[in-house]
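**Q** One structure follows; several queries about it will come next.
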Amino acid sequence: MSGSLIGKRVLRKEDHRFVSGKGRYTDDIQLVGVTYAAFVRSPYARADIKSFDVSEALAAPGVIAVLTGEEVVKDGLGGLPCGWMIHSKDGSEMRQPHHPVLAADRVNYLGEPVALVIAETQLEAKNAAEMVMVDFEPLTAVVNPATASQAETLYEAVPNNVCYEWELGDEAATDAGLAAAAHITTLQLTNNRLIPNAIEPRAALAEYNSGTDEIILHTTSQNPHLVRLIMTAFVQIAPEHKLRVIAPDVGGGFGSKIFIYSEETALAWAAKKLGLTIKWTAERSESFLTDAHGRDHVSEAQLALSAEGEFLALKVKTIANMGAYLSTFASAVPTYLYGTLLAGQYRTPAIYVEVDSVFTNTAPVDAYRGAGRPEATYLVERIVEKAAAEMGLDPAELRRRNFIGRDQFPYQTPVALEYDTGDYEASLSKALEMADYDTFATRQAEAASRGKLRGIGLSCYIEACGLAPSQVAGALGAGVGLWESGEVRVNPTGSVTVLTGSHSHGQGHETTFAQLVADRLGLPIEDVEVVHGDTGKLDFGLGTYGSRSLAVGGSALSVAADKVVEKGRKIAAHLLRTDVDNIDFDAPVFKMLDSNESKTFQEIAFAAYVNHDYPSDELEPGLAEKAFYDPLNFTYPAGTHICEVEIDPDTGVVEVVQFVAVDDFGTIINPMIVEGQVHGGLAQGIGQALLEQAVYDDTGQLITGSYMDYCMPRADNFPDFKVGMTCTPCTHNPVGAKGCGEAGAIGSPPAVMNAITHALGGIEVDMPATSEKVWRAVQTMRTLKTA
Amino acid sequence: MYQFKVHKADKLSTALDLFNASDEPAYIAGGHTLIPTMKQRLSAPSDVIDLATIPGLDAITLVGDTLQIGAMATHAKVAASSLVQEHCAALANLAGGIGDRQVRYRGTIGGSLANNDPAADYPAAALGLGAQIVTDRRTIPSDTFFKAMFETALEPDEIIQAIHFPQVDQAVYLKFPNPASRYAMVGVMLTRTAGETRIAITGAAASVFRAATFETALTADFSVSAIEAVTLSAETLNTDMHASAEYRAHLCKVLIQRGVEALTA
Ligand SMILES: Cc1cc2nc3c(=O)[nH]c(=O)nc-3n(C[C@H](O)[C@H](O)[C@H](O)COP(=O)(O)OP(=O)(O)OC[C@H]3O[C@@H](n4cnc5c(N)ncnc54)[C@H](O)[C@@H]3O)c2cc1C
């Protein structure tokens, strides 16, 4: 029976709960005696704090306490750390400004919290927050990352506002490739800053039990153990075993709920300090201001090609905006999650990349769906398509000439990664077929007859998922190993509780993980329950990000399930009075090889807990096994996305008229869930290309502080997506899975922008391709044509 | 949101009395502008006076040639009204293109006009169709009703009762939505009555306005070629992160051209 559930479109177990309003999110949790917090935030991007006056707020109705940055200093709380050390070219360590839980003397971005008011009701807390008098002395803000290193220095310890100047690859070999080139394509681009916009805003509910001296923090987290580790080991609000972190249902994150923020930390600290139960739920405008933003790169690149279109070298220079402080994983995003992906699907022999990360007076920037890999893919796939146009080659053909062949794996790239497996030609040809690539000219002519400019664009992306082999990650500066824990706990009646250190914030783990374990053990999926998101119940875990949950967390469960089978065989051997080697597991039945006697899984489970006659020196009672799975390598999902757009030349409006995505995610457990992940990723990726953009003005005020100006994609912005799959199973994990959560957001932006550039006859616009930018490009195109 | 009192008025005079007896009063219709601003703590009325409970204020009737729409008629009701569809399909289409379903089931024509958001659709309808705004005390022609951004000719306590739309020969509304808010980045109401063309533009400037140069050209010759050389000055138009004044001026012209094409097709 094993194998019967893998690849099935099992309906999501959790959806009944979610669509019937029975989800239990942090804000849904009701506790007796709860009080409410409201934060006082900086109205300036940069200012000195001269003084606090909390007297009026303290006297306001219902107010219990007001805590400011000064109390944080008095209590000696540590700062919020960044967990990934990056070294500059010269070997020096990255520069990290102190990131206070609440600012005491200087604020560095709009919305930075400086105080917290706790009151009996939410309304009273919010009213009193307005009465906290903070004497701010505004300072000139540094906003533009491209010029930040020449601007006024923001932190004494960070000369020129530069966090690090990082490099990867062989500069001499790359320069040699450029020198030998028959053709060099150059490209300048920006990767627009995005705001994550999870549907559930961040929230926290902290309770303190003075009897046990324990803090329980319910919060919107993708990785509750990391929250506990950082709040205890670094910020030092309590000993680790006296803080329990529970992340109940979590409504989206896209990365933004990985990080350890001021508000949640302040709540846990205040709960203990004041002996209170305190709740805070971000308003949407607080989310815009303070959820870690994503992307925000400015880059230039050169691609060297031979006369035959063979890639010889790629040289890249990028400035990455870190915002005001280093968020939890910020430093790794534009380096090891970016530079290492610049080989794409190609054999480019020499690559050199320099990344300067800079601080500005804007919200911190960190990992957001794809994290570094969309930026790399955007650059590589734009420059490849541009090279094809310049050399008069079909862009699919140019890619083919440079693909790593299916027989060349494992493949060592010049930028540190070793790809385990892939078949790039397979996904390209399938996508070309699904997109009717060969007949594009007919559609283009038909569109022209309607006065529309039609263009087609390709993107052959690769990403590194399944973060991460701990040894590799450690060598590259990660503060923690990036394995995952899992436990398969068989109950006496034979039902199974699966515990995992990864956590779902919408991805459907309760179904996928149950499907995986049920398949291994030959059980109905209904008999398998998934437990996650609670440090009080689970082994330490690393959480969900980087499309790692199935590849790493699922692999841990697969190993644990194998251990359960092994233990089950021992129990069966004991019950059947035979040797373990004589027991075979034909899920869900343990069979004797040399007789027709057997035991069902349920019989073994029951026996594991109720038998009295185990030989205690050989066999322990119980049937629960755990595994800590450390991957051997990253996984490398890859595929081809093809976009077709039509542009109205009179208005510049771009319509995506066709979108094809063919992805290789390795083994797929549940195609329905995977397609859902692809659709969501595409919406975000196409959204980045056409609509989304975080904009600060010159003084650091956020112009896109609400949905009036921040353009969230809607369903009617997209055509029906055509999604297809190819499969080369991951060679080094027991599931064969590669990860699918980010691919859509990684592969799609260059496909869209290449299609637009194609429609515009080579005129380039930056993301997002707003109608005005495109309209102006149409004018340029027409001027060039008539000139 | 700050704390406030809610009053349910049963007739116009009670609403007026409540208004004048309160410290910081505000009428509420659909609440789709007022409540968001209260939630963001940008407005803090002490007393909110609900007009929804006044009977008959949402009626849609045809009196002679005049379409009379009660101030409390929701966008959904206007969009779905067969009377409006017959008498002025452009108006029904405009109402049906406002916001989303939730907004259309709450937002009202009276609230929208009283609010005079520079990017709202209804001001273009009222001005373009030459409507009369009927209040509890007088009738205000649309040409003098819209004063400036979020400013109208209404007295602080004045209540819009109904909007009277005269019969026009032809009308079309074209909206270029802001991609984020989907309010009008530019919205053009183009109408013809007895050979005379009237054009009201919303979204492009601080307040709705009439495109006089285009009106003159099209009244003389209602064709696309008649406006080939006509332009709109970008000088008084809005520039924001979504569109420059120059682009808005261009869009206005494109929409007018398309409107002319639609009406001559
Ligand atoms: C998400 C969203 C999207 C939207 N999209 C659009 C759009 O695309 N196009 C568009 O045009 N609009 C749009 N709107 C606005 C909406 O359609 C309403 O028209 C608008 O909110 C005002 O109508 P209301 O009935 O809700 O007024 P309210 O919010 O109740 O009141 C608005 C103001 O008018 C006053 N007022 C209300 N009624 C009267 C009256 N009878 N007499 C005197 N004063 C009165 C109130 O005191 C208040 O100051 C949108 C709103 C939202 C929330």
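The values are calculated or read from the model by the stated rules, or taken from the named source; none is laboratory data. Given the structure is predicted, the values throughout are model-derived calculations rather than measurements. Positions of Cβ are generated from backbone atoms using ideal geometry, with glycine treated the same way; all protein chains shown enter the neighbour counts.
**Q** Considering each residue of region B:117-144, count those that are part of a helix (DSSP H, G or I) and either under 10 Å from residue B:91 (Cβ atoms) or of a type in the set (D, E, K, R) (or both), and give that number.
**A** Of the residues in region B:117-144, 5 are part of a helix (DSSP H, G or I) and either under 10 Å from residue B:91 (Cβ atoms) or of a type in the set (D, E, K, R) (or both).
**Q** From the list A:127, A:108, exactly one residue is within 14 Å of chain B (Cβ to nearest Cβ), among the polar types (S, T, N, Q) and in contact (Cβ under 8 Å) with a residue 24 or more places away in the chain. Which is it?
**A** Within the list A:127, A:108, the selection yields A:127.
**Q** Might you let me know whether region B:238-257 holds any residue that is under 20 Å from residue B:170 (Cβ atoms) and away from every other protein chain (no Cβ under 14 Å)?
**A** No - not one qualifying residue is present in region B:238-257.
**Q** Residues that are β-branched (Val, Ile, Thr), without any contact (Cβ under 8 Å) to a residue 40 or more places away in the chain and within 10 Å of the ligand (Cβ to nearest atom): does region B:121-134 have at least one?
**A** Scanning region B:121-134, I find at least one residue that is β-branched (Val, Ile, Thr), without any contact (Cβ under 8 Å) to a residue 40 or more places away in the chain and within 10 Å of the ligand (Cβ to nearest atom), so the answer is yes.
**Q** Residues to consider are B:211, B:204, B:249; find the one that is buried (at least 24 other Cβ atoms within 10 Å of the Cβ), within 30 Å of residue A:768 (Cβ to Cβ) and out of contact with any Gly (no Cβ under 9 Å at 6 or more places or on another chain).
**A** The match here is B:211.
**Q** Further question: Before we move on, is residue B:163 within 15 Å of the ligand (Cβ to nearest atom), among the aliphatic types (A, V, I, L, M), away from chain A (no Cβ under 14 Å) and more than 13 Å from the chain's Cα centre (by Cα)?
**A** no
**Q** Taking the conditions exactly as written (modelled with pLDDT of 95 or more, among the acidic types (Asp, Glu) and under 25 Å from residue B:149 (Cα atoms)), does residue B:24 satisfy them or not?
**A** Yes, satisfied.
**Q** For region A:665-699: of the residues being of a type in the set (A, V, I, L, M) and within 11 Å of another protein chain (Cβ to nearest Cβ), which is farthest from residue A:636 (Cα to Cα)?
**A** By that ranking, first place goes to A:695.
**Q** Would you kindly identify the strands (runs of 3 or more DSSP E) lying entirely within region A:472-573 that contain at least 3 residues that are closer than 30 Å to residue A:85 by Cβ?
**A** Where strands (runs of 3 or more DSSP E) fall fully within region A:472-573 and carry at least 3 residues being closer than 30 Å to residue A:85 by Cβ, they are A:484-490.
**Q** Got a sec? Which helices (runs of 4 or more DSSP H) wholly within region B:1-102 have at least 2 residues that are within 14 Å of chain A (Cβ to nearest Cβ) and over 29 Å from residue B:191 (Cα atoms)?
**A** B:34-39
**Q** Could you figure out which of (1) away from the ligand (no atom under 11 Å from the Cβ); (2) more than 14 Å from chain A (Cβ to nearest Cβ); (3) not in a helix (DSSP H, G or I) isn't true of residue B:179?
**A** Among (1) away from the ligand (no atom under 11 Å from the Cβ); (2) more than 14 Å from chain A (Cβ to nearest Cβ); (3) not in a helix (DSSP H, G or I), residue B:179 violates only (2).
**Q** Sort out which residues of region B:140-160 are away from the ligand (no atom under 12 Å from the Cβ) and of a type in the set (Asp, Glu), and write them in order of number.
**A** Across region B:140-160, the qualifying residue is only B:143.
**Q** A further question follows. Taking the conditions exactly as written (among the hydroxyl-bearing types (Ser, Thr, Tyr), touching a residue at least 12 places away in the same chain (Cβ under 8 Å), crowded, with 17+ Cβ neighbours inside 10 Å and within 14 Å of chain B (Cβ to nearest Cβ)), does residue A:651 satisfy them or not?
**A** Yes, satisfied.
**Q** Under 21 Å from residue B:128 (Cβ atoms) and within 12 Å of the ligand (Cβ to nearest atom) - does that describe any residue in region B:52-65?
**A** Within region B:52-65, none of the residues are under 21 Å from residue B:128 (Cβ atoms) and within 12 Å of the ligand (Cβ to nearest atom).
**Q** Please pick out the residue among B:137, B:101, B:106 that is away from the ligand (no atom under 11 Å from the Cβ) and either more than 26 Å from residue B:253 (Cα to Cα) or of a type in the set (Gly, Ala, Ser) (or both).
**A** B:137
**Q** Right, something else. I'd like to check which strands (runs of 3 or more DSSP E) are fully inside region A:126-194 and have at least 3 residues that are over 21 Å from residue A:337 (Cβ atoms) and at pLDDT 95 or above.
**A** Qualifying strands (runs of 3 or more DSSP E): A:133-138, A:183-191.
**Q** Sticking with this structure for a sec: Assess whether residue A:762 counts as being more than 14 Å from chain B (Cβ to nearest Cβ), surrounded by 22 or more Cβ atoms within 10 Å (Cβ to Cβ) and not in a strand (DSSP E or B).
**A** The answer is no for residue A:762.
**Q** Could you say whether any residue in region A:700-714 is surrounded by fewer than 21 Cβ atoms within 10 Å (Cβ to Cβ) and away from every other protein chain (no Cβ under 14 Å)?
**A** No: region A:700-714 contains no residue that is surrounded by fewer than 21 Cβ atoms within 10 Å (Cβ to Cβ) and away from every other protein chain (no Cβ under 14 Å).
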